[in-house]
Amino acid sequence: LRDSELEEMLNEKYLTEGENLYADLIREIDELKEAGGHLGVDSGYTIKTDTERILSIERYIVNTVASSSTELRYDTIDKELKIILTLPELFKDESYVERISENIKSQMLKQMKEDENIMYWLAREDEELFVEEFSSISPEENFYINEHNKLVIVFDKYEVAPGYMGNPEFEIPTEILTDILTNGEYLK
């Protein structure tokens, strides 16, 4: 990054996350030694977006015991203002939670209608779910801004769908958010 202070802050954050992950792994290994079993952890990062203004970094942690689970975390950085953006900062008020949630539900239903192999924790008409149905994103939901200046909401594996669906991503149309954006700098 052009800003060494922001770069140092991010590196310190990632170092702390890595140290905590390692400490948790050692604790779990000690517990597994008594019971017998295996455990694996993989972590790393991917640059999702790198434009003149936006840098979005995806960090992943894959835990493997009998099966695997994947946690994703994102940092979306305004390189000009030298800040890490949060989802609430992009909007004037909390109405974004409902708008984004309704759009995601609509995308889920459309995808399930078009492909019988796609499944989300969302009931179709006259259908009963045996898991908790997806109702809403959290105000601090995982997100990044892609190279086309679109908001992308990302869920962890098993959060809104069966494990075979991986980590579902939903690109949110900017036109449904325009009137509640704090500014038009990020999402277009």
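The values are calculated or read from the model by the stated rules, or taken from the named source; none is laboratory data. Note that the coordinates shown come from a computational prediction; the quantities given were computed from them, not determined experimentally. When we count neighbours, we look across all protein chains shown, and the Cβ atoms used for this are built from the backbone with ideal geometry, even at glycine. When the accessible area is computed, the model is the full protein with side chains, heavy atoms only, and any ligands, DNA or RNA have been set aside. Shrake-Rupley method; radii C 1.70, N 1.55, O 1.52, S 1.80 Å.
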| What strands (runs of 3 or more DSSP E) completely inside the range 57-170 contain at least 3 residues that are of a type in the set (Ser, Thr, Tyr), modelled with pLDDT under 95 and farther than 19 Å from Tyr45 by Cβ? | none
| query | Is it true that Val152 is at negative phi, of a type in the set (A, V, I, L, M) and in contact with an Asp or Glu (Cβ under 7 Å, 6 or more places away or on another chain)? | reply | yes
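Tell me whether the range 174-186 contains one or more residues that are surrounded by 18 or more Cβ atoms within 10 Å (Cβ to Cβ), touching a residue at least 40 places away in the same chain (Cβ under 8 Å), within 18 Å of the chain's Cα centre (by Cα) and part of a loop (DSSP other than H, G, I, E, B). Lay out the reasoning, then the answer.
Just the residues of the range 174-186 that are surrounded by 18 or more Cβ atoms within 10 Å (Cβ to Cβ), to begin with: 177, 186.
Next, only the ones that are touching a residue at least 40 places away in the same chain (Cβ under 8 Å) stay: 177, 186.
From the residues that got through so far, the ones that are within 18 Å of the chain's Cα centre (by Cα) too are 186.
Cutting the leftovers down to part of a loop (DSSP other than H, G, I, E, B) gives us 186.
Taking every residue of the range 174-186 in turn, at least one turns out to be surrounded by 18 or more Cβ atoms within 10 Å (Cβ to Cβ), touching a residue at least 40 places away in the same chain (Cβ under 8 Å), within 18 Å of the chain's Cα centre (by Cα) and part of a loop (DSSP other than H, G, I, E, B).
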| said: So the check is Cβ under 8 Å with 6+ separation or different chains; which pairs have a first residue in the range 20-40 that's in contact (Cβ under 8 Å) with a residue 12 or more places away in the chain and a second one that's in a helix (DSSP H, G or I) and open to solvent by 50 Å² or more (accessible area, probe 1.4 Å)? | reply: Leu39/Glu28; Leu39/Ile29
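Only residues that are more than 20 Å from Phe155 (Cβ to Cβ), out of contact with any helix residue (DSSP H, G or I) (no Cβ under 7 Å at 6 or more places or on another chain) and not in a helix (DSSP H, G or I): list them for the range 15-56, please. Outline the logic, then answer.
If we filter the range 15-56 for residues that are more than 20 Å from Phe155 (Cβ to Cβ), which is where we start, we get 15-16, 18-41, 47, 50-55.
The next check asks that each one be out of contact with any helix residue (DSSP H, G or I) (no Cβ under 7 Å at 6 or more places or on another chain); those that pass are 15-16, 18-38, 40, 47, 50-55.
Selection gives Gly36, Gly37, His38, Gly40, Ile47, Asp50, Thr51, Glu52, Arg53, Ile54, Leu55.
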| remark: Selection from the range 4-26 of residues surrounded by 10 or more Cβ atoms within 10 Å (Cβ to Cβ), charged (D, E, K, R) and farther than 30 Å from Gly37 by Cα yields Glu7, Glu8, Glu12, Lys13
| remark: For the range 148-173 the number of residues that are farther than 30 Å from Thr64 by Cα and either free of Cβ contacts under 8 Å to residues at least 60 places away in the same chain or of a type in the set (S, T, N, Q) (or both) is 3
| Members of the range 69-115 found to be touching a Lys or Arg at 6+ places or on another chain (Cβ under 8 Å), open to solvent by less than 60 Å² (accessible area, probe 1.4 Å) and either small (Gly, Ala, Ser) or in contact (Cβ under 8 Å) with a residue 60 or more places away in the chain (or both), listed by number | Ser69, Thr70, Leu72, Tyr74, Asp75, Asp78, Lys79
| message | So in the range 27-56, with the set limited to residues that are more than 30 Å from Asp3 (Cβ to Cβ) and surrounded by 12 or more Cβ atoms within 10 Å (Cβ to Cβ), which one is modelled with the lowest pLDDT? | response | Gly37
